[in-house]
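Here is the structure we will look at, set down as structure tokens.
All of the numbers you see were taken from the coordinates with simple rules; none came from a lab. The shown structure was predicted, so the numbers you read here are calculated from the model rather than taken from an experiment. Cβ sites come from the backbone with ideal geometry, for glycine too, and all protein chains shown count toward neighbours.
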Amino acid sequence: MKSSLTKSLYVGLAVLSLGAVASVSTTANAASKAKVTSSKTLKTAGDTRNVEVTGKNALYSKPGTVKGAKVVASKKTMKKLANSKKSADYFRAYYQKVTNKGSVYYKIVSMNGKYRGYIYGGKKEGTFAGGVASANTTTKVTMPSNTTVYFAKPGKSNVTWDAPKYTQYKASKQIKDTSAYASDVLTVTDAVKKTREGSVYYYVKDAKNPAISGWIYAKAVTPAKSDTAKAENGITFNFVNKANGAQVSSAVYEFPTGDTITSAQAYTQAKALVPAGYTIAGSDAASAFGTTTANYAKKSTETVYVTENNAITLGTTLKVYNADMTEAQSSLAFPADVVAKIQADTFFKQANGLTAKASDIETHLKADGAGEFTVVTDTKNTDGTFVAYKFTLQSATDGVFGGNKSTIYYTAEKGSVTSTTTTGTFTPAN
């Protein structure tokens, strides 16, 4: 019985001892958790609180070392955001908490509103460190040479903003549609680029309608008035092919003064605006226009009949590009098979007055075998071979059918071939 009592006593002491250890461990763990000792809203100017994450720390629902904190965005996700090339992944800091461990945590929200939570910000209040760093979401750039501009394409796209989108938290549009302001003169007063994307924005002031002043994408304004703007104070000509009734293009004439113009004045302006490759189909308004109107007021439209010009072959001039090979100039000419392909290519024969772009000319020359070719001369070398030149297309200039010729440049290389009847054995000169 004594033995049994002793054993029971030992077991009881052991259980008591284990309970004591567990109690001490729990107390110690609870004590290790940090506690928030101060909290405050950050009230400095918003742009001074724009930050970018460094990827060193995760984002939490509470300060990370405080009891109950949950991961909102992992460290891996934060690293991805730190390397982002999008302004949408910048953050705005707006609240601060300090723990009894001396750690500062900032509550931040991404510019697109997707992420929001607390992140470690170092040991000094009001200074961004640790998981965040101050960010300049925009960078100053050189002002344009022409600061008087208009909306390039008035409408719902590329309107003005109170800040370039995502460079400030909750940046918003100043106006949803610029159509009503197509004729307004805008003055550029500042220029920046988005630091991450590199896209340029101008701050434009509208003296006539100040409420729409704001930041706009640089390519959304132009020094020249858009046709939409001109049409408010002029007439729109719709050019139609008289042969088939198809519309070719439109153009706008803005009245310099007054509210109306006569039909004779309208005919003169329409004739000056006829699209390239066409001629006005009539000697006066009565024969060329779709209606018989004596006078035209602002915002008028008129159909103007045109006829397509006769097709003509594009004029070209071939030139050797490299200065050390001027001797090859007299030999530079397209081989017979290349000439045949060019003559069969309808691109090289179009309506008189049309412009052929350099890039299109180069594309068609290559397709027709004129990208590279060899020309054999009658000059014989001492070894029995013949002097030859290999020509490689370098570039071309724009040309006008029936007008300015296109200059086509070739790089020349001197060499030799074994026969005047073949160019397949070209050997470069030493």
Discussion item. If I model a spin label as a point 7 Å beyond the Cα along the Cα-Cβ vector, how far apart are those points for K86 and A344 in nm?
Written reply: 5.1
Worksheet item: Where does each of 140-147, 152-159 land if you order them by average Cβ count within 10 Å, highest first?
Response: 152-159, 140-147
Fill in: Cβ-based net charge around G155, under 12 Å, with every Lys or Arg adding one and every Asp or Glu removing one
+2
Practice prompt. Return the ratio Rg/(2.2 N^0.38 Å) for region 202-356, where Rg is computed over Cα atoms only.
Written response: 1.55
Worksheet, complete the sentence: In vacuo Debye sum over C-alpha of region 233-308, base-10 log of normalised intensity I(q)/I(0) at q = 0.17, 0.23 Å⁻¹, listed in q order, is -0.55, -0.98
Practice prompt. Assign one of three labels to region 312-428, namely rounded, prolate or oblate, based on the Cα gyration tensor with a ≥ b ≥ c the square roots of its eigenvalues; rounded applies when a/c is under 1.5, prolate when it is not and a/b is larger than b/c, and oblate otherwise.
Written response: prolate
Worksheet item: Relative to the longest principal Cα axis of the chain, at what angle does helix 2-32 sit, 0 to 90 degrees, rounded to 10?
Response: 40
Practice prompt. Can you grab the distance from the C-alpha centre of region 335-388 to the C-alpha centre of region 221-281, Å, no decimals?
Written response: 40
Worksheet item: Which residues does a label at A211 reach in region 159-201, if reach means a backbone N under 18 Å from a point 7 Å past the Cα toward the Cβ?
Response: 159-163, 172-185
Discussion item. As a quick test, which of the pairs K156/K225; K225/K405; K225/K298; K123/K165 have an alpha carbon distance above 21 angstrom in this structure?
Written reply: K225/K405; K123/K165
Discussion item. Tell me the net charge near T363. Cut-off is 14 Å between Cβ atoms, T363 excluded, with +1 for each Lys or Arg and -1 for each Asp or Glu.
Written reply: -2
Discussion item. Going 7 Å from the Cα of K414 along its beta-carbon direction, which residues of region 306-328 have the amide nitrogen within less than 11 Å of the resulting point?
Written reply: 324-328
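From the helices alone, meaning DSSP H stretches of at least four residues, give me the mean residue ellipticity at 222 nm for the chain, per-run term -39500 (n - 2.57), in deg cm²/dmol to the nearest 500.
So the calculated ellipticity at 222 nm is -5500 deg cm²/dmol.
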Response to the item:
Projected convex hull area of region 36-134, Cα atoms, direction-averaged, in nm², equals 5.5
Fill in: Förster-model FRET efficiency, 60 Å R0, T307 and N136, C-beta, rounded to 0.05
0.55
Practice prompt. On each of the three principal axes of the Cα atoms of the chain, give max minus min coordinate, whole Å, ordered largest first.
Written response: 128, 81, 42
Worksheet item: How big is the Rg/Rh ratio for region 116-266, C-alpha atoms only, Rh by Kirkwood, two decimals?
Response: 1.18
Worksheet item: Per 10 Å bin, what is the whole-percent P(r) computed from every C-alpha pair distance within region 139-227?
Response: 19, 56, 24, 1
Item to complete: Could you check the simple spin-label distance between T189 and K76, using points 7 Å along Cα→Cβ, in nm with one decimal?
Response: 4.9
Item to complete: Let me have the relative contact order for the chain, percent, based on Cα pairs under 8 Å that are six or more residues apart.
Response: 9
Worksheet item: Cross-link partners among lysines for K414, C-alpha distance below 17 Å, same-chain residues fewer than 8 apart left out?
Response: K319, K380, K390
Worksheet item: Once label points are set 7 Å from the Cα along Cα→Cβ at both T37 and E232, what is their separation, rounded to one decimal in nm?
Response: 6.2
